[in-house]
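Asker: To start, I am sharing the structure in question, which I have written as structure tokens.
No value in this document is a laboratory result; all are computed from the given coordinates. As the structure is a computational prediction, the values presented were derived from the model and not from experiment. All Cβ positions, even for glycine, are placed from backbone atoms using ideal geometry, and neighbour counts span all protein chains on display.
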């Protein structure tokens, strides 16, 4: 995100991992001393889907199913709010089912 919390993209660790252990990739560009050879923005991608805080749960679950993602970015009016994880949603759902079945 930028300084105004506007969502710019995300970085998948699988994409970065290949370069993480190559210190030569961390060298500064001698022609642009304030720039690194591979800034993190070079790894930035856009998620296939994102959700909003007002989105109905069936829509959220459909986006998880469609993308196969384990986490989805939450964005309201272009502003980054956070991430929601599929595992946390299923854990909360199981808890609600358990609580309801105990009543």
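Asker: I'd like the full set of residues that are exposed (fewer than 11 other Cβ atoms within 10 Å of the Cβ) and either in contact with a helix residue (DSSP H, G or I) (Cβ under 9 Å, 6 or more places away or on another chain) or assigned to a loop (DSSP other than H, G, I, E, B) (or both), limited to the stretch 36-56.
Answerer: Hits for the stretch 36-56 are 39, 40, 45, 53, 54, 56.
Asker: Can you find even one residue in the stretch 69-87 that is part of a helix (DSSP H, G or I), out of contact with any helix residue (DSSP H, G or I) (no Cβ under 9 Å at 6 or more places or on another chain) and over 20 Å from residue 7 (Cβ atoms)?
Answerer: yes
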